[in-house]
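Below: one structure, written as structure tokens.
The values are calculated or read from the model by the stated rules, or taken from the named source; none is laboratory data. What you are looking at is a predicted structure, and each value in this text was computed from that prediction instead of being measured. Cβ atoms come from the backbone with ideal geometry, glycine included; neighbour counts cover every protein chain shown. All accessible areas refer to the heavy atoms of the entire protein, side chains included, with ligands and DNA or RNA removed. Shrake-Rupley method; radii C 1.70, N 1.55, O 1.52, S 1.80 Å.
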Amino acid sequence: MARSRIHIGIWLAGVAVAAPCPASAQALQPYAVVGDAIPEPLTNTRGDATRGRALVVERSSTCILCHNGPFPEQKFQGDLAPDLSGSGSRWSEGQLRLRLVDASRLNPATIMPSYYRLDGLNRVGTPWRGRPILSAEQIEDIVAYLVTLRE
């Protein structure tokens, strides 16, 4: 009996190690909102515009579901939100960052998801409970791309 308990204990310890970290273990990078922007990047490295464009046109969770823009290869772009063409002319890097991190700070009635927020959210899909929809690196990649859209 004691030997069985030891084996069960070892098995449970192995399961605990093999299981993914709880979502709540993912800490958000600290940031400061200044006016209508988050002026400082969420990471120590600049975002990559190429990766950012790939994220923008990805249909599973991001921008093209609601926005349209200069993506001629993409059929069936969204029409619920502003056109992303000219985003880099309309908003600064920091303003774009805040809109991605938590657009509800600017418009509490927005339908845009808070892509980098955990607290105070309602109706969160199971895959995103306790973790942000996008990582800090992904936010910075999208910002790097959107600032290139000048026309």
Förster radius 22 Å - calculated FRET efficiency between residue 71 and residue 92, Cβ distance, rounded to 0.05 | 0.45
For the stretch 38-151, what D do you get in µm² per second when you plug the Kirkwood radius from alpha-carbon pairs into Stokes-Einstein at 10 °C and 1.306 mPa s?
-> 111 µm²/s
With every protein chain kept in place and a 1.4 Å probe, the residues 137, 93, 151 fall, from largest accessible area down, as 151, 137, 93
Rg and Dmax of the stretch 93-151, Cα atoms, in Å?
-> 12.1, 38
For residue 117, the net charge from surrounding residues (Cβ-Cβ under 15 Å; K, R +1; D, E -1) works out to +4
